[in-house]
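The structure appears below as structure tokens.
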Amino acid sequence: MKHAAHIFVCSLLCLSPFAGLAAKKAPPPQNSPTALTPDAAAFLNSALDVMQQHDLRGQAVDWSQLRIDAFKQAAGAFNPIDTYPAIYWALVQLNDPASHLRLPEGLYPDQIALLQQAEKDARKSAPASERPHAPPTPFVARHLPEGHIAKFEGKNFGYVVLPTCDAKDKDGMMLYAADVRHILTDLSVQNPRGWIIDLRGNTGGNMWPMLTGIGPVLGNGVVGSFVTATGKIPWFYQNGKSGTRNNAGLETVSLSLPVDSPQTSSAASPEPVAVLVDSSTANSAEAITIAFHGRPQTRFFGQRTAGKSTAVQPFALADGAQLYLTTALDADRTGKTYPDGFTPDVVIPAVSSLPPEANDAALNAAGSWLAETVAMLEPAPAPAPIAPVRSKRHRASVVKTAPPTPTERPRSTTRKRVIIHQGS
């Protein structure tokens, strides 16, 4: 568990050539004609040890045979860098597209080009199911968080785009999270009735800035977990902070951005939320997607995600290179994982170019659902007061006569005959 705090989700990175070294060529590799040098052999063994110990999918590998084959791939290696093609090959045998080797700094451009080609050649030996499934969607062209109010059926909804987060340091992470939070604050003052969170084209990067920025809409609490070979490591958002929480409840905060506006409450937002995804939604973007899964009044639109919802951790090698290995799978708040991708509630056909909003089928479907949901959630109007109804029955009139005066005696209309009986 000691390394749990350092787990983060990232997309595959490809090191670009250094411009300052473009004019200088490296000497060709020096290869032993027979076997690996001790330094090269020790380096390759160390890399294989790291893979066997830490990669989540390495448990299904026959490591004795893999080592034999990897050393055959590296035959004649003189320096650690000469073993990189064998390391690429070994990574492919893990059947884990997310695991990769990040090159050390200071390499010559021609070295980088040769190694990138070696990586491509190694990946050609992967099973068809492990090769890239789909070309990038047009939404990958978006690079900065953005947002505005979108109107559907006369109601305001906050529309927020979360692109790939390629922040490499703490400042970059804070900048991304702050940009998202400012967007939420600006839109909240316009009283949106719900939210649209657009993760289309987001290939991943660092998950913590995305989670910290969008957290006020997502709501407080444990919203997912890393599933490792030994158990689960929950991850959470709480009042502007995001991070992991161990089984004892001890939290490790990965990023913190205080909620400084009453308009972006850290409590669970009561408004409905629509989440847009596509086949380029991958890695940490899939983690954010499944974090919303299980949130009340939330629905998903678009295409199935890339199926790379994994936690990838870097391990440093002796020469400065880094092995990025899958150490966990991402799970939603119920513990469910999505190794084959997350399928949205409403599947929308893919597009070949960025559509204008008016013709964006996924966005319009989300807006229609939001408007309908808001209408259903609105309280029914109070009934108009009912005026009192007068009775149509008429009371009978009563005529009162004055009582007789004390000096008057009532006269009887019937005479009475008086008979006197006399005794004999």
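Each reported figure results from applying straightforward, stated rules to the coordinates on display, with no laboratory input. Fair warning: this is a prediction, and the values are worked out from it, not measured in the lab. Ideal geometry is used to build each Cβ from the backbone, glycine not excepted, and the neighbour counts take in all protein chains shown.
List the pairs from Lys170/Lys241; Lys120/Lys168; Lys232/Lys336 whose alpha-carbon separation is above 18 Å, in the order I gave them.
Working: Lys170/Lys241 14 Å; Lys120/Lys168 25 Å; Lys232/Lys336 11 Å.
Cα-Cα > 18 Å for Lys120/Lys168; rest within.
With the crude spin-label approximation of a point 7 Å out along Cα→Cβ, what separation in nm comes out for Ser352 versus Gln52?
5.0
If we count other beta carbons within 10 Å of each Cβ, what is the order of Val189, Val222, Val351, fewest first? Let's see the in-between values first.
Values: Val189 10, Val222 14, Val351 17.
So the residues, fewest neighbours to most, are Val189, Val222, Val351.
To make sure I understand the rule: partners must be aspartates and glutamates, Cα under 17 Å from the Cα of Lys124, and not fewer than 8 residues away in the same chain. Which ones qualify?
In chain and number order, the partners are Asp69, Asp96.
If we count every other residue with Cβ under 13 angstrom of Ile348's Cβ, Lys/Arg +1 and Asp/Glu -1, where does the sum land?
Values: positive: Arg200, Arg299, Arg304; negative: Asp198, Asp278, Asp345, Asp360.
Net of charged neighbours comes to -1.
Of all GluC sites (Glu not before Pro) in region 98-201, which ones are in loop regions per DSSP and have a Cβ with at most 13 other Cβ atoms within 10 Å?
Glu105, Glu153
On the Cα set of region 70-121, report Rg and Dmax in Å, please.
When restricted to Cα atoms, region 70-121 yields Rg and Dmax of 11.0, 30 Å.
Taking neighbour Cβ counts within 10 Å as the exposure measure, how do Trp369, Trp89 sort from fewest upward?
Numbers: Trp369 19, Trp89 22.
The fewest-first ordering by Cβ neighbours comes to Trp369, Trp89.
What is the local net charge at Leu44, summed over the other residues whose Cβ is closer than 13 Å to its Cβ (Lys, Arg +1; Asp, Glu -1)?
Values: positive: Arg67, Lys72; negative: Asp39, Asp49, Asp69, Asp82, Asp319.
So the environment of Leu44 carries a net charge of -3.
Order by neighbour count: Asp171, Asp39, fewest other Cβ atoms within 10 Å first, most last.
Values: Asp171 9, Asp39 16.
Fewest-to-most Cβ neighbours within 10 Å comes out as Asp171, Asp39.
Counting Lys and Arg as +1 and Asp and Glu as -1, what is the net charge of the other residues whose Cβ lies under 9 Å from the Cβ of Leu255?
On the way: positive: Lys170, Lys241; negative: none.
Here the charged neighbours net out to +2.
Could you list which residues have their amide H under 5 Å from that of Phe152, counting only those 5 or more apart in sequence or on another chain, with H placed in the peptide plane?
Phe157
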